[in-house]
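Q: This is the structure, below, for whatever I ask next.
The values are calculated or read from the model by the stated rules, or taken from the named source; none is laboratory data. For clarity, every value in this text was computed on a predicted model and none was experimentally measured. Just so you know, the surface numbers come from the protein's heavy atoms only, side chains and all, with ligands and any DNA or RNA stripped out. Shrake-Rupley method; radii C 1.70, N 1.55, O 1.52, S 1.80 Å.
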Amino acid sequence: MEKIEKYELLVSQVRALIEGETDAVAVMSNVAAAIHHTMGFWWTGFYRVVSDELLLGPFQGPVACMHIPFGKGVCGTAWKQAETIIVPDVEQFPGHIACSSESKSEIVVPVFGSNKTVVAVLDIDSEKLNTFDETDRKYLEEICKMIRP
């Protein structure tokens, strides 16, 4: 199955999975699992904005960093800029936080609350370089718009 076909199926699956669910952690848990298993990424998860940092939320994959400061690393930068960041090679990203040496490329998508502030970020890592592109951005942003904590 091609990447776009997988994402089309994934969007439909996520919509059905979260319909009517009001608990943000339950939604993030199933969304992370659906993305991870459909797309076969190395690490897929959410960091939630808690006070002045990102705190590890539901995820699939190996253990991860638990706290990320505002504006630090790819996740903290995506939070600060309130926009998706695609990193083809994490070694080239200034201030990258290496939770694992296995991570080679990354995409981070903000999740916005009802007041248009970032309430979480979806973080996806690959063990390969140059994994993520505009197709990933398009569909992952669409999925994140469905999540309304």
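Q: Sum -39500 (n - 2.57) across every DSSP H segment of at least 4 residues in the chain, then divide by the residue count to get the 222 nm mean residue ellipticity, nearest 500.
A: Calculated at 222 nm, the ellipticity per residue is -11500 deg cm²/dmol.
Q: Which lysines, on any chain, are close to Lys80 with Cα under 28 Å apart, when same-chain ones fewer than 8 places away are left out?
A: Answer for Lys80, where 28 Å is the Cα cut-off: Lys72, Lys104, Lys116, Lys128, Lys138, Lys145, listed by chain and number.
Q: Another question about this same structure. From the phi of every residue in segment 118-134, what ³J(HN,Hα) in whole Hz does the Karplus formula 6.51 cos²θ - 1.76 cosθ + 1.60 yield, where θ is phi - 60° and glycine or proline is x?
A: After applying 6.51 cos²θ - 1.76 cosθ + 1.60, I find 6, 10, 6, 10, 8, 10, 10, 10, 10, 8, 10, 6, 6, 6, 9, 9, 5 Hz.
Q: With all protein chains present and a 1.4 Å probe, how do Leu129, Leu55, Leu140 order by accessible area, largest first? It would help to have the intermediate numbers written out before the result.
A: Working: Leu129 90, Leu55 45, Leu140 0 Å².
Solvent-accessible surface, decreasing: Leu129, Leu55, Leu140.
Q: While we're here: Any idea what diffusion coefficient segment 1-130 gets from Stokes-Einstein, in µm²/s, Kirkwood Rh on alpha carbon pairs, 20 °C, 1.002 mPa s?
A: 143 µm²/s
Q: Continuing with the same structure: Students sometimes get this wrong: rank Asp52, Asp89, Asp125 by accessible area, probe 1.4 Å, all chains present, largest first.
A: Asp52, Asp89, Asp125
Q: Sticking with this structure for a sec: Using θ = phi - 60° and the Karplus curve 6.51 cos²θ - 1.76 cosθ + 1.60, what whole-Hz ³J(HN,Hα) does each residue of segment 80-92 get, with Gly and Pro shown as x?
A: For segment 80-92, the Karplus-derived couplings read 4, 7, 6, 8, 5, 10, 10, 10, x, 9, 4, 5, 8 Hz, x marking Gly and Pro.
Q: Per residue of segment 17-23, in order, report the coupling 6.51 cos²θ - 1.76 cosθ + 1.60 (Karplus, θ = phi - 60°) as ³J(HN,Hα) in whole Hz, putting x for Gly and Pro.
A: With coefficients 6.51, -1.76 and 1.60, one gets 4, 9, 4, x, 7, 10, 8 Hz.
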